[in-house]
Amino acid sequence: MFCFNKKYSAFWEIMKADTMRYVEHGELSAKWVNGGGKYLVANALLGCEHRLAFTFWFRLLSLAECRGLLRFMARFMYRKYSHKYGMQIPPGTQIGPGMYIGHGINIVIHGKTIIGRNCNLAHFMNIGSNHNTPAVVGDNVRFAPGVCVVENVKIGSNVRIGAGTIIIHDVSAQRQRVVLQVITILIHDMSGRS
């Protein structure tokens, strides 16, 4: 079975880090992390916890070592969860260990986006680009629902981005919270129009 093959050890370490985030949030028990992968494989096939099942197939499909029948199965299952829940994160997108998906619906992330370790992704969020220059996101960034990150933006580490915020400029690591930054500016600009 591929679970215990040494060439997949990096995959299992990343999946442990991802699963640990759900344990920390109180959504799963520690047996998911300590069970030697059997709970993760069963969940990936049965989809009891769809966010983790999507993550499993996304991470597996992103591996260069994943070939043949396993790659075919990974692609099929990835597409199943991607279409069913509207999560469009292309395989190979650079997302560090510890990815946590909040509600697991309608997430769109450009394939060239770089996201650091221990980041929270929320529903109805979008990290996009029209010119193939998407965002670079630091470690420990928390996205609230409905966040849009547009074009070549750099978001520092340890930043929390509030619900509905549209990010069009860089956010430094010193700035702890960003809340409705652009929307406030748009309302202010529109107030002078008749």
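The values are calculated or read from the model by the stated rules, or taken from the named source; none is laboratory data. Bear in mind that the values here come from a model prediction, so they are computed numbers and not experimental data. Accessible surface areas use protein heavy atoms only, side chains included; no ligands, DNA or RNA. Shrake-Rupley method; radii C 1.70, N 1.55, O 1.52, S 1.80 Å.
Estimated from helical segments only, the mean residue ellipticity of the chain at 222 nm is -11000 deg cm²/dmol, where each DSSP H run of four or more residues counts as -39500 (n - 2.57). Only alpha carbons enter this Debye calculation for the range 31-79, each as an equal point scatterer, and the log10 of I(q)/I(0) it gives at q = 0.14, 0.15, 0.32 Å⁻¹ is -0.32, -0.37, -1.19.
First check a/c for the range 1-84, with a ≥ b ≥ c the square roots of the eigenvalues of its C-alpha gyration tensor; if it is under 1.5, answer rounded, and if not, answer prolate when a/b is larger than b/c or oblate otherwise. Intermediate results must be reported in sequence, preceding the final value.
Values: a/c = 1.95, a/b = 1.26, b/c = 1.55.
Taking the square roots of the gyration eigenvalues as a ≥ b ≥ c, the range 1-84 is oblate.
First check a/c for the range 60-99, with a ≥ b ≥ c the square roots of the eigenvalues of its C-alpha gyration tensor; if it is under 1.5, answer rounded, and if not, answer prolate when a/b is larger than b/c or oblate otherwise. Oblate is the answer for the range 60-99, as a/c is 1.5 or above yet b/c matches or exceeds a/b. Ligands, DNA and RNA are left out, and with a 1.4 angstrom probe the accessible area of the chain is 53 Å² per residue.
Classify the chain: rounded, prolate or oblate, from the alpha-carbon gyration tensor (a ≥ b ≥ c, eigenvalue square roots; a/c under 1.5 rounded; otherwise prolate if a/b is larger than b/c)?
Values: a/c = 2.21, a/b = 1.96, b/c = 1.13.
Prolate, since a/c reaches 1.5 and a/b exceeds b/c.
Ranked by solvent-accessible area (1.4 Å probe, protein heavy atoms only, all chains present), the residues 103, 50, 83, 25 order from largest to smallest as 83, 103, 25, 50. Checking the Cα-Cα distances for 38/154; 84/112; 31/154; 6/154; 38/84 against a 30 Å cut-off, the pairs over it are 38/154; 31/154; 6/154. State the percentage of accessible surface on the range 31-123 attributable to carbon and sulfur atoms; use a 1.4 Å probe and exclude ligands, DNA and RNA. Answer for the range 31-123 is 57 percent, counting heavy atoms of protein chains only.
Arrange the residues 23, 136 by how much accessible surface each exposes, largest first, with a 1.4 angstrom probe.
Values: 23 30, 136 60 Å².
Per-residue accessible area, sorted high to low, gives 136, 23.
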